[in-house]
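Asks: Have a look at this one.
The values are calculated or read from the model by the stated rules, or taken from the named source; none is laboratory data. Worth saying up front: this structure is predicted, and the values here are computed from it rather than measured. Every residue, glycine among them, receives a Cβ derived from its backbone with ideal geometry; neighbour counts consider all protein chains shown.
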Amino acid sequence: MKNGYVIGCVMILAGLQGCYKIPEPVMTVDKMGIEVTPAENREYSYTDKRSGFYYGRTHESHFGAWHAGWNIAQRRIVSDYDLYVDGVLLPRDSAAVTVYPHYLKRSFTHATEGFYMVDDRALLAVMLTDVAGDSISIALDTTLLSQPRYADGILWYVPRESPDSLLAVTSYKEAQGRYEDGRLQYPVEGKGFLLAYGSEKECLDNIAAFRKEGSSWLDARRTRMNGIVAYSNPMQSNSDTLDKAIAWLLLTTDQLVTRQQGRGIYAGLPWFNEYWGRDMFISMPGATLVNGEFDVTREILADFSRLQDTAISSLTRGRIPNRANMDGILYNTVDGTPRFVMQVADYVRYSGDTAFIREIYPAVALSIQASIDHFIDENGYLCHADADTWMDVVRNGIPGSPRGNRANDIQALWYNQLKDGAYMARYMGATDDAAAWEKRAEELRRKFAADFCDTTTYLVYDHLNADGSKDVQVRPNQLYTFELIDDTAFCMHVTRRVWEELVYPWGVGSLSQDDDNFHPQHENWHYYHKDDAYHNGTVWLWNNGEAMQRMIQFGQPDIAWQLFDNMNRQALQQGAVGSLSENADAHPREGAQWAGRSGTFLQAWSNAEQLRVWYQYFLGIRPDMINRTITINPQMPSAITSLTWSERIGNGCLIGAYERTDKETAYAYVLRDEDATVHLSIPLFAPVDVELKRGEMLLATVVGSQLTLQVKSSDGKDVLNVTSEQDSELVRRQQEYDSFFEGTTFCQPVHRDNLKAFDEYHEIPLTY
């Protein structure tokens, strides 16, 4: 291999030389279509980026799922519609369907349907082309509608869940229609149908405006989406699956970034169409930071900080909301607030926005001080109620997975809250705050191992109970605690144990299958309520991120890749198009080879953690633009042999390329519109700091045991050229890691007859 491939790729992407032009993006929304067969009949969704979403199945009409159809501000508007040509139904069950990120295409024998939403407007567009007939008709499912009224070419309904608003149905292009027997009919010149929601004036205004400039609205939506996948985050590798999956995950995650109550991220669709603080801040790195949406991130953090509980006498003083929805605000979580502080710090590291620290610091300081004043015990552990962690299900007043008053992951989050708070305090010149919080963090760290770590069984206790007893259930939460543990060998053992006891090929289980309280499937209503299984065996895809991260940190990208690749294929080939679900069963159903998904069909943190791990740990990009540094620690799996990519950082972007052959491996990086110190850590070589000026290229080439580092100016002149040999200690450590993790396998389902979950069979299945 010649490293000219890598150099050329980066130069083309960066447009560094006048003779090069940035090529047309490889991945655009028009090239991302996924064909779905009638047998697959997959779910799909779109949002208007404000408060509305549409949820359907590709080949099924009136399938009756909760929240099916058009939903706005947590109210169901209309569940479905049927289309006709010359009075004959266009049958979905035999249509040829392609799902794109920006629209749905159904091809029938007598017409082609294009289904569209538009940004920031309560309007649906159903376009009909290639019509073999004289008339087109639409009939709405009226389950959620009442009081039909036809006047002046528009059919009006009152949505039952939104009686103060109207639903208007009319032709795509202005045409003379008629309403008869529940069908609204127009000549073929009507081109399709428009559905508008709101007051009468709002509906009429949106219809008129769409007929005048609807094509530009749709083009703007396409352009916005292309901005994410083709320009902010372009990527091309030797794996078509990787390229397409990352692009789809970026865009289905972006669906969930809305303006329902200020800026926020829906926790998931269809029923978590609201803002959950915990979910939002777990999702934020993958949802808005790695894709460079810094303005959106800033707005979300600022909006949620204004909802902080500041009441002096409140039992939740200092907390950021757990949930903000149309009915009110709840503060019943302990982990959302530490994650809020952590994401403030992440945001300023990615963006370099120092002004925001000054704006947000009072909320950060209050969140920490209120915890110190009211919520820590004599050992400095952050205390909470049984159901105040992410394992929060409560039924009939009883927690489904009680976690005592000091859960292990909460202590890790508290530690990070203190450290990140101190980071921002020092920037503010609040040195007393910084010193006090750092001292508490280190005291917590010194005590944690003694109180939580069992070095005999290689277990981090899930939690301490109020009476001081220790919980020994094997759960994934322990993976989040390693920053509190100095013993690397212990963490290696924990990682392998968790992987082989909890990490199935389809995701990370919430409880070991060896536990008497294990529930193999999320929903098995003949035996138990699904809430009993929710955190007691059910797979949670968001925990995939931490499981993969830990494997990569121990130099095992190929093991992590197995799970990562499975999730990519699931997003493209299974379940809702282009997305990852909230949950999956731990054990497949009888006769199945793969576990069925469950929970919401599109979950923010499931998608976002897949994206975070790709950018932060496989690519290894972790910026700190406050200190003008970018850590680059690539950990490429064997399956990836060539790659070009780009990621926004600060006011510029980092552009990278990679290629590996049998003889050499080359990495190239260009930082546009920014200067920074790059902390480069190529596997097996000692880390090196390189001052990289905007437009300069950093090239690292590995041949055998030798690394050559070059920095080239934008006109191709050498700025730096040095060589080094592999670091013997790093080689030894990697050999140790490889030897220890050799033979690591996924957890395999094992059937047990004596599970408590199957103690009682209910002839009539249980219900909610």
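Asks: Can you work out which of the residues in segment 450-461 that are assigned to a helix (DSSP H, G or I) and under 17 Å from Gln473 (Cα atoms) is farthest from the chain's Cα centre (by Cα)?
Replies: Filtering segment 450-461 down to residues assigned to a helix (DSSP H, G or I) leaves 450-452.
Checking the rest, the ones that are also under 17 Å from Gln473 (Cα atoms) come to 451-452.
Numbers: Asp451: 33, Phe452: 30 Å.
Restricting to residues being assigned to a helix (DSSP H, G or I) and under 17 Å from Gln473 (Cα atoms), the top hit is Asp451.
Asks: Sticking with this structure for a sec: Looking at segment 245-262, can you tell me whether even one residue there is assigned to a helix (DSSP H, G or I) and of a type in the set (Lys, Arg)?
Replies: So in segment 245-262, the residues assigned to a helix (DSSP H, G or I) come out as 245-255.
Still in the running and of a type in the set (Lys, Arg): none.
Within segment 245-262, none of the residues are assigned to a helix (DSSP H, G or I) and of a type in the set (Lys, Arg).
Asks: Continuing with this model, one more query. Please find, among Phe356, Phe340, the residue that is over 26 Å from Ser313 (Cα atoms) and surrounded by 19 or more Cβ atoms within 10 Å (Cβ to Cβ). Spell out how you get there, then give the answer.
Replies: Details: Phe340 fails: over 26 Å from Ser313 (Cα atoms).
Answer to the selection: Phe356.
Asks: Sticking with this one: Mind listing whichever residues of segment 468-485 are in contact with a helix residue (DSSP H, G or I) (Cβ under 7 Å, 6 or more places away or on another chain) and surrounded by fewer than 18 Cβ atoms within 10 Å (Cβ to Cβ)? Give the derivation first.
Replies: Filtering segment 468-485 for residues in contact with a helix residue (DSSP H, G or I) (Cβ under 7 Å, 6 or more places away or on another chain) gives 474, 476-485.
The one that is in contact with a helix residue (DSSP H, G or I) (Cβ under 7 Å, 6 or more places away or on another chain) and surrounded by fewer than 18 Cβ atoms within 10 Å (Cβ to Cβ): Glu483.
Asks: Of the residues that make up segment 407-423, is at least one of a type in the set (D, E, K, R), part of a loop (DSSP other than H, G, I, E, B) and either more than 24 Å from Asp486 (Cα to Cα) or touching a residue at least 40 places away in the same chain (Cβ under 8 Å) (or both)? Give the derivation first.
Replies: Of all residues in segment 407-423, those of a type in the set (D, E, K, R) come to 409, 419-420.
Filter once more, keeping what is part of a loop (DSSP other than H, G, I, E, B): none.
No - not one qualifying residue is present in segment 407-423.
Asks: A further question on this structure: In segment 429-467, what count of residues is obtained for those that are in the same structural domain as Ser367 (by TED's automatic domain parsing), hydrophobic (A, V, I, L, M, F, W, C), more than 24 Å from Arg497 (Cβ to Cβ) and loosely packed, with under 15 Cβ neighbours inside 10 Å?
Replies: Count: 1.
Asks: Something else: Looking at Trp594, Trp645, which is the one that is of a type outside the set (D, E, K, R) and in a loop (DSSP other than H, G, I, E, B)? Walk me through how you get there before you give the answer.
Replies: Details: Trp645 fails: in a loop (DSSP other than H, G, I, E, B).
That would be Trp594, the only listed residue that is of a type outside the set (D, E, K, R) and in a loop (DSSP other than H, G, I, E, B).
Asks: Still on this structure: Have a look at Arg612, Arg622 and point out the one that is among the basic types (Lys, Arg), surrounded by 23 or more Cβ atoms within 10 Å (Cβ to Cβ) and either in contact with a strand residue (DSSP E or B) (Cβ under 7 Å, 6 or more places away or on another chain) or within 30 Å of Gly56 (Cα to Cα) (or both).
Replies: Working: Arg622 fails: surrounded by 23 or more Cβ atoms within 10 Å (Cβ to Cβ).
From the options Arg612, Arg622, the qualifying one is Arg612.
Asks: Now for a different question. For Thr288, indicate whether it is over 16 Å from Tyr116 (Cα atoms), surrounded by 23 or more Cβ atoms within 10 Å (Cβ to Cβ) and without any contact (Cβ under 8 Å) to a residue 40 or more places away in the chain. I'd like the intermediate steps shown before the answer.
Replies: On the way: over 16 Å from Tyr116 (Cα atoms): yes; surrounded by 23 or more Cβ atoms within 10 Å (Cβ to Cβ): yes; without any contact (Cβ under 8 Å) to a residue 40 or more places away in the chain: yes.
Spelling it out, Thr288 is indeed over 16 Å from Tyr116 (Cα atoms), surrounded by 23 or more Cβ atoms within 10 Å (Cβ to Cβ) and without any contact (Cβ under 8 Å) to a residue 40 or more places away in the chain.
Residue-wise test of (1) over 30 Å from Val29 (Cα atoms); (2) part of a loop (DSSP other than H, G, I, E, B); (3) touching a His at 6+ places or on another chain (Cβ under 6 Å).
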{"site": "Met127", "(1), (2), (3)": "no, no, no"}
{"site": "Tyr150", "(1), (2), (3)": "yes, no, no"}
{"site": "Pro163", "(1), (2), (3)": "yes, yes, no"}
{"site": "Ala168", "(1), (2), (3)": "no, no, no"}
{"site": "Ala175", "(1), (2), (3)": "yes, yes, no"}
{"site": "Tyr186", "(1), (2), (3)": "yes, no, no"}
{"site": "Tyr197", "(1), (2), (3)": "no, no, no"}
{"site": "Ala208", "(1), (2), (3)": "no, no, no"}
{"site": "Gly214", "(1), (2), (3)": "no, no, no"}
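Asks: Determine whether segment 104-115 contains at least one residue that is buried (at least 17 other Cβ atoms within 10 Å of the Cβ) and of a type in the set (Lys, Arg).
Replies: Among the residues of segment 104-115, at least one is buried (at least 17 other Cβ atoms within 10 Å of the Cβ) and of a type in the set (Lys, Arg), which makes the answer yes.
Asks: Here's another thing I want to ask about it. Out of segment 319-356, which residues are over 30 Å from Cys653 (Cβ atoms) and touching a Pro at 6+ places or on another chain (Cβ under 8 Å)?
Replies: Selection gives Ile329, Leu330, Tyr331, Gly336.
Asks: What number goes with the only condition from (1) at pLDDT below 95; (2) farther than 27 Å from Trp248 by Cβ that Ala14 does not pass?
Replies: Condition not satisfied by Ala14: (2).
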